[in-house]
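Here's the structure, in structure tokens; my notes come after.
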Amino acid sequence: MDIISHLTRTVSPAVLADDHSPAKQNLLEQFYAIFAARLANNDTYSRFANENIARDDSAFYDRVWTEGAHRDQISRELANAHGVDETASRGLIAMAAPLAFHEIESLAGTTPVPQFLNDNLNSYQHHIPTWAGLSYLRAR
């Protein structure tokens, strides 16, 4: 299962609308990988497992990474890596997070999401940038 390709096909068009910028598409692909790795952590995922996440919940990203410095660094690093304005990067990520969450849950089906993501780590691990070390992926 290629999780990143699936999210690129299903979530990116909803986030980007008519903006087919390769830089923004690549930014989202890297975000999906970082996001999937974060949700692969049982402690992180369990905080949301019983929550009803709205597809337009732009504050969901803030709840996934509770430490503001980590959120800021992720959007800043992605913006810098892809030549995208930092504010635009933050907006894209905030829009993509709840949609990606729902798609990942759907892909997992009856398998617990962290288990599904860990079982499929090879499909997205190579998209995780080096700077997104364990401190961004572990539960906080």
Matching residues, segment 93-112, being in contact (Cβ under 8 Å) with a residue 40 or more places away in the chain and open to solvent by less than 20 Å² (accessible area, probe 1.4 Å): 93, 96, 97, 98, 100, 101, 104
Pairs with Cβ under 7 Å, 6+ apart, first in segment 124-139 and within 14 Å of residue 67 (Cβ to Cβ) and among the aromatic types (Phe, Trp, Tyr), second open to solvent by less than 30 Å² (accessible area, probe 1.4 Å) and modelled with pLDDT of 90 or more: 136/34; 136/74
Members of segment 1-16 that are within 16 Å of residue 88 (Cα to Cα), among the small types (Gly, Ala, Ser) and open to solvent by 10 Å² or more (accessible area, probe 1.4 Å): 14
Some residue of segment 27-38 being outside any helix (DSSP H, G or I) and in contact (Cβ under 8 Å) with a residue 60 or more places away in the chain: no
Every residue from segment 43-70 that is over 8 Å from residue 98 (Cα atoms) and open to solvent by less than 50 Å² (accessible area, probe 1.4 Å): 44, 45, 48, 49, 59, 64, 65, 68, 70
Residue tally, condition part of a loop (DSSP other than H, G, I, E, B) and at pLDDT 95 or above, over segment 2-16: 1
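Does residue 49 count as outside any loop (DSSP other than H, G, I, E, B), small (Gly, Ala, Ser) and in contact (Cβ under 8 Å) with a residue 12 or more places away in the chain?
No: the conditions fail for residue 49.
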Whichever residue in segment 17-36 is open to solvent by less than 60 Å² (accessible area, probe 1.4 Å) and over 15 Å from the mean Cα position of the chain (by Cα) and, among such residues, is modelled with the lowest pLDDT: 19
Test: residue in segment 105-118 that is in contact with a helix residue (DSSP H, G or I) (Cβ under 7 Å, 6 or more places away or on another chain), within 24 Å of residue 22 (Cβ to Cβ) and charged (D, E, K, R): no
Some residue of segment 80-87 being touching a residue at least 40 places away in the same chain (Cβ under 8 Å), out of contact with any helix residue (DSSP H, G or I) (no Cβ under 6 Å at 6 or more places or on another chain) and surrounded by 14 or more Cβ atoms within 10 Å (Cβ to Cβ): yes
For residue 63: the one exception among (1) touching a helix residue (DSSP H, G or I) at 6+ places or on another chain (Cβ under 7 Å); (2) assigned to a helix (DSSP H, G or I); (3) charged (D, E, K, R): (1)
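The values are calculated or read from the model by the stated rules, or taken from the named source; none is laboratory data. Only a predicted model underlies this, so the values are computations on that prediction, with no experimental measurement involved. Heads up, the Cβs are rebuilt from the backbone with ideal geometry, glycines too, and the neighbour counts pull from every protein chain shown. Heads up: the accessible areas ignore ligands, DNA and RNA and are worked out on the full protein's heavy atoms, side chains in. Shrake-Rupley method; radii C 1.70, N 1.55, O 1.52, S 1.80 Å.
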